[in-house]
Amino acid sequence: MWTARNPNHTIAVAVAAVAAAAFVGTYWFDPVPPGLPGLGAAEFPRLLCLVLLGLAGLLAMTPGTAPSEGDAPPLDRGAWAVFGICLLFLPALEVIGLWAAIPVFLVAAGLIWGAMPLRILLLNAAGFTLALWVIFAKLFRLTLPTGWLGAALGG
């Protein structure tokens with residue numbers, strides 16, 4: 001079996017790839033009309049993506065040791081499924097908007113992990129989405145993506 005000399009390189013490349021894909025995805029966000037207060041829909045996610053790219057660079061420069069068989073178990077189907085729904089999150093933003101994509105993602109991830117009953121997952125997703133809406137949409141007055149569905153409904 002082949003193992004990398006420094007697993008940090010592989011992890012850094014994976015993090016950088018996801019951050020770069022998310023950064024590129026922000027170019028399809030709805031533009032903010034001039035004169036509106038707050039950051040636009042793309043600036044905050046782009047800032048986070050740049051921070052992740054920087055952290056991935058630092059991780060790549062960090063010396064590491066090759067993992068042993070006992071350090072990290074192989075990824076199971078659940079881990080790949082969660083990775084898959086992470087990849088689907090940006091397209092979901094484009095179609096259904098942020099405020100619908102967040103609870104869908106949280107419930108889907110929770111169902112894959114299987115640790116909580118559906119009722120708890122739904123309450124958690126609703127509460128977390130509401131808290132994010134209050135903080136980012138009302139307090140910080142950020143313009144966030146509404147998606148095709150939100151645009152069609154006049155959102």
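Numbers below:
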{"read-out": "Qualifying positions in segment 92-108 - more than 18 Å from Ile135 (Cα to Cα), among the β-branched types (Val, Ile, Thr) and without any contact (Cβ under 8 Å) to a residue 40 or more places away in the chain", "value": "Val104, Val107"}
{"read-out": "Qualifying residue in segment 126-144 (condition: of a type in the set (Val, Ile, Thr) and outside any helix (DSSP H, G or I))", "value": "yes"}
{"read-out": "Leu36, sole failed condition from (1) among the hydrophobic types (A, V, I, L, M, F, W, C); (2) surrounded by fewer than 12 Cβ atoms within 10 Å (Cβ to Cβ); (3) at pLDDT 85 or above", "value": "(3)"}
{"read-out": "Complete set of residues in segment 39-76 that are among the hydrophobic types (A, V, I, L, M, F, W, C), in contact with a Leu (Cβ under 9 Å, 6 or more places away or on another chain) and modelled with pLDDT of 70 or more", "value": "Phe44, Leu47"}
{"read-out": "Search result, residues across segment 70-96 that are among the small types (Gly, Ala, Ser) and assigned to a loop (DSSP other than H, G, I, E, B)", "value": "Gly70, Ala72"}
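The values are calculated or read from the model by the stated rules, or taken from the named source; none is laboratory data. Please read these numbers as outputs of a predicted model, since none were measured by experiment. Please note: Cβ atoms are built from the backbone with ideal geometry, for glycine as well, and neighbour counts cover all protein chains shown.
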